[in-house]
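Everything below concerns the one structure shown next.
The values are calculated or read from the model by the stated rules, or taken from the named source; none is laboratory data. Bear in mind that the values here come from a model prediction, so they are computed numbers and not experimental data. As a convention, Cβ positions derive from the backbone with ideal geometry for all residues, glycine included, and neighbour counts pool all protein chains shown. Remember, those area values only see protein heavy atoms, side chains included, never the ligands or the DNA or RNA. Shrake-Rupley method; radii C 1.70, N 1.55, O 1.52, S 1.80 Å.
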Amino acid sequence: QVQLVESGGGLVQAGGSLRLSCAASGTIFSIDTVGWYRQAPGKQRELVATISSGGRTNYADSVKGRFTISRDNAKNTLTLQMNSLQPEDTAVYYCNLVAFTSRNTYWGRGTQVTVSS
């Protein structure tokens, strides 16, 4: 059973930084595509960034140059380094995994990020 557990959210002032982590289990993490999505109050869930098994990254325009996604296949861990945070980055951030073997999609429970102005 695939499990994704996020950590690292919190409250930060505008201009600050946070680092989110996602620990994956129950899957061959190194061959899966993984990413981060976020959902702000009253809005739809949106893509933040993804990283393929080969390390190719994709970012939403709103976070390019500020956020960095990375993965550690040896530790089955996905990370999102968020710099220059703005109030509009406030949302619940979800870890996402698309399993290579089954093509099933999995979600973590989310971690709250709040940026104060």
**Prompt:** List, please: which pairs have Cβ atoms under 6 Å, are six or more places apart or on different chains, and start with a residue in segment 55-79 that is more than 14 Å from LEU97 (Cβ to Cβ) and end with one that is open to solvent by 50 Å² or more (accessible area, probe 1.4 Å) and outside any loop (DSSP other than H, G, I, E, B)?
**Reply:** ALA60/LEU47
**Request:** Could you grab the pairs with beta carbons closer than 7 Å, sequence gap of 6+ or different chains, first residue in segment 86-110 and more than 16 Å from LEU47 (Cα to Cα), second one at pLDDT below 95 and surrounded by 18 or more Cβ atoms within 10 Å (Cβ to Cβ)?
**Result:** ALA99/THR27; ALA99/ASP32; PHE100/ASP32
**Item:** Where a residue in segment 26-50 is closer than 25 Å to LEU85 by Cβ and its partner, wherever it lies, is outside any strand (DSSP E or B) and open to solvent by 50 Å² or more (accessible area, probe 1.4 Å), with Cβ under 6 Å and at least six apart
**Value:** TYR37/ARG45; GLN39/ARG45
**Message:** Please determine whether any residue of segment 1-24 is outside any strand (DSSP E or B), open to solvent by less than 50 Å² (accessible area, probe 1.4 Å), polar (S, T, N, Q) and out of contact with any Cys (no Cβ under 8 Å at 6 or more places or on another chain).
**Reply:** no
**Prompt:** For residues in segment 28-64 being touching a Ser or Thr at 6+ places or on another chain (Cβ under 8 Å) and in a loop (DSSP other than H, G, I, E, B), which is most open to solvent (accessible area, probe 1.4 Å)?
**Reply:** ILE28
